[in-house]
Amino acid sequence: MADGEIPMGGRTLPHLSDTDRAIYEWQMWLPGFGEERQRRLKAATALVSRCGGLGGPLCYSLAAAGIGRLVIAHGGNVKPSDLNRQVLMTRDWIGKPRVESAARRLREFNPDVEIVAVPGNVGEGNVERLVGMADIVFDCAPLFAERFLMNRECVRQGKPMVEAAMYGMEGQVTVILPGRTPCLACLYPEQPPAWKRRFPVLGAVSALAAAIAALEGIKLIAGFGETLAGALLHYDAGTMAFRRIPMSRRPGCVVCGNIGA
């Protein structure tokens, strides 16, 4: 069982169809995985904030693994500058809503996954509802305001959040378990002053963070392996140097400081 395995609230796990067994056969051969872990994936709902260069490949990985339901929130229309990294967007969709392109591609890829497409970014008006719909949240937003908002709501609702980010040739991923691990506000008490909305990005670098984040979420949902709970994985793709950095909760954190460990 993975550290921090997500409780399914006593719900009955869905059965696997013959099609499910044929598609997911090879991953069910993983030691400690099997049909029960696959059934947990099929039962789970994941919220992914932004389905761009990081969230798009992450959604693909979750759909490929057999997640039951994906709630994806992303505003705006597809632009030419999206296409070097946003694998759920296509040239014929330029000028049309990003989230519709993402939903279309995911349904084509795995029609058994239920896709809930939210045509807007996570904000104060919808964060409680969207986090409440999910068993697990994946933060792939580029803006700290949105990331802080989801962190606060996940801590309030006790929902695990996989936090992933990248900049240039570097990326980082961690797992936030409310009351047990540092939250995002422990790591960043304030927004870094130099952070900008537009920054250099190579698609393969963001896809690397996406793959790591998806795997962390799959381990949490299915309940196997060791996760990054309580640690930050940082990589420099320019040198292929990876570091696993231990983290501690920050006393007096305004978001999680009053939650008992």
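The values are calculated or read from the model by the stated rules, or taken from the named source; none is laboratory data. All figures in this text were calculated on a predicted structure; none of them were measured in a lab. Here the Cβ is made from the backbone with ideal geometry for all residues, glycine too, and neighbour counts use every protein chain on show.
The criterion of being of a type in the set (A, V, I, L, M), farther than 26 Å from residue 255 by Cβ and surrounded by 23 or more Cβ atoms within 10 Å (Cβ to Cβ) holds for residue 205. Filtered by the rule that a residue be closer than 14 Å to residue 177 by Cα, touching a residue at least 60 places away in the same chain (Cβ under 8 Å) and not basic (Lys, Arg), the range 231-261 gives 232, 247, 248, 255, 256, 259, 260, 261. Annotation for the range 125-135: at least one member residue is in a helix (DSSP H, G or I), surrounded by fewer than 16 Cβ atoms within 10 Å (Cβ to Cβ) and under 16 Å from the mean Cα position of the chain (by Cα).
Restricting attention to the range 13-25, the residues that are of a type in the set (A, V, I, L, M, F, W, C) and either within 18 Å of residue 221 (Cα to Cα) or not in a helix (DSSP H, G or I) (or both) total 2. Condition first: within 22 Å of residue 69 (Cβ to Cβ), of a type in the set (A, V, I, L, M) and assigned to a strand (DSSP E or B). Can you find one or more residues in the range 200-216 that meet it? No, the range 200-216 contains no residue that is within 22 Å of residue 69 (Cβ to Cβ), of a type in the set (A, V, I, L, M) and assigned to a strand (DSSP E or B). Among the residues of the range 101-124, the ones that are more than 16 Å from residue 50 (Cα to Cα) and either crowded, with 19+ Cβ neighbours inside 10 Å or of a type outside the set (Asp, Glu) (or both) come to 5 in all. Among the residues making up the range 85-100, those that are over 30 Å from residue 40 (Cα atoms), surrounded by fewer than 18 Cβ atoms within 10 Å (Cβ to Cβ) and either in contact with a Gly (Cβ under 9 Å, 6 or more places away or on another chain) or not polar (S, T, N, Q) (or both) are 91, 92, 94, 95, 96, 97. Please enumerate the residues belonging to the range 204-224 that are over 24 Å from residue 256 (Cβ atoms) and modelled with pLDDT of 95 or more. Correct list: 204, 205, 206, 207, 208, 210, 211, 214, 215, 218, 222. Scanning the range 61-84 for residues being surrounded by fewer than 21 Cβ atoms within 10 Å (Cβ to Cβ), out of contact with any Lys or Arg (no Cβ under 6 Å at 6 or more places or on another chain) and in a loop (DSSP other than H, G, I, E, B) gives a total of 4.
Please indicate, with yes or no, whether at least one residue in the range 227-239 is within 24 Å of residue 45 (Cα to Cα), hydroxyl-bearing (Ser, Thr, Tyr) and either surrounded by 14 or more Cβ atoms within 10 Å (Cβ to Cβ) or in contact with a Ser or Thr (Cβ under 9 Å, 6 or more places away or on another chain) (or both). The answer is yes, given that some residue of the range 227-239 is within 24 Å of residue 45 (Cα to Cα), hydroxyl-bearing (Ser, Thr, Tyr) and either surrounded by 14 or more Cβ atoms within 10 Å (Cβ to Cβ) or in contact with a Ser or Thr (Cβ under 9 Å, 6 or more places away or on another chain) (or both). Scanning the range 28-56 for residues that are outside any helix (DSSP H, G or I) and either under 20 Å from residue 122 (Cα atoms) or touching an Asp or Glu at 6+ places or on another chain (Cβ under 6 Å) (or both) turns up 44, 45, 46, 47, 48, 49, 50, 51, 52, 53, 54.
Check the range 116-123 and report whether any residue there is touching a residue at least 12 places away in the same chain (Cβ under 8 Å), among the aliphatic types (A, V, I, L, M) and more than 29 Å from residue 178 (Cβ to Cβ). Among the residues of the range 116-123, not one is touching a residue at least 12 places away in the same chain (Cβ under 8 Å), among the aliphatic types (A, V, I, L, M) and more than 29 Å from residue 178 (Cβ to Cβ), which makes the answer no. Being in a helix (DSSP H, G or I), out of contact with any Cys (no Cβ under 9 Å at 6 or more places or on another chain) and of a type outside the set (A, V, I, L, M, F, W, C) is a property that holds for residue 156.
Residue 169 meets the conditions (1) in contact with a strand residue (DSSP E or B) (Cβ under 9 Å, 6 or more places away or on another chain); (2) buried (at least 24 other Cβ atoms within 10 Å of the Cβ); (3) not charged (D, E, K, R) in every case but one. The failed one is (2).
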